[in-house]
Each structure stands twice: as structure tokens, then as C-alpha cells.
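Comments concern the structure below.
Coordinate-derived values only; no laboratory data. No experiment lies behind these values; they were computed from the predicted model shown. Quick reminder, even Gly has a Cβ in these numbers, built from the backbone with ideal geometry, and neighbours come from all protein chains shown.
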Amino acid sequence: MTRRIEERCQDCGSTEIIHDAVAEWDVEKQRYVLIDTQDGCNCNSDLCNGAECHVDIHDADTGEQLGRAPHSFTYVPKSEADAAWADYAAQQEADRAERDRVRQQEQTIHQNAEALAAAHQEITS
């Protein structure tokens, strides 16, 4: 079953959201065909009066707030998406810490090699 998605304004909760879009003329269909939509949007509710807005994604049937997990195009309940993003951020931080640790080890090895080379040069001279 395909989930039906609904965008809501984060400020007022309205679904009167509009996006800028790119369209091109299709000679065969004799109409404009949507090519792409832009990220920015405006809310046309009476409260927002066309102001720029940010949207929350909801299940159109249940009203449940949704989100996307990292590297996913599928909407899931927001709590699951938030947990997946937290896990992803923790893994990214662990990966950064490991890269820093390896870099530090390599720097120490390089410094020790230089010190040994200098000591060897001094002994043999």
C-alpha cells in the first residue's frame, strides 16, 4: 500500500502550501508538463498570507507526522526517522573519532621515525 503524503505549514498547520516549479511545453500533449519543483515554498493560509514556510510531512490518512531516515526515500513515522538520524550522527562521529585516532598514530609514527633517523645520523657521524 502506498502511503498518501500531506504537507503542512510548520507555523500554522495549513495544507495550503505552494511550490515554485519548472515546466516545459509538450507539443504532443498540448500542455505544460511539470519538470521539477523547487525546495522553497509558501503558505497561502489566512494566517501566513503567502509567507515563506517550512513544511512538516504527515500521513494524509492518519495525520501521523512522518520523516525520512538517512539514505532513504521512504517516509516512516517521525520518531523512527529521528532515531535513525541519531544513530547515523553517532556513527559519523565514531568514524570521525577513528580517523582522528589513526591520523594521530600516523603522526606519532612519523615523528618517531624522524627522531630515530636523526639519532642514527648522530651516532654514525
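Restricting attention to the range 1-14, report how many residues are hydroxyl-bearing (Ser, Thr, Tyr) and surrounded by 14 or more Cβ atoms within 10 Å (Cβ to Cβ).
1
Of all residues in the range 37-51, how many are closer than 17 Å to ALA21 by Cα and in contact with a Ser or Thr (Cβ under 7 Å, 6 or more places away or on another chain)?
Residues that pass the stated criteria total 1.
Select the strands (runs of 3 or more DSSP E) contained entirely in the range 18-125, then report the ones holding at least 2 residues which are exposed (fewer than 11 other Cβ atoms within 10 Å of the Cβ).
It comes to 31-43.
Given the structure, is ALA86 of a type in the set (A, V, I, L, M), in contact (Cβ under 8 Å) with a residue 40 or more places away in the chain and under 30 Å from GLU7 (Cα atoms)?
Spelling it out, it is not the case that ALA86 is of a type in the set (A, V, I, L, M), in contact (Cβ under 8 Å) with a residue 40 or more places away in the chain and under 30 Å from GLU7 (Cα atoms).
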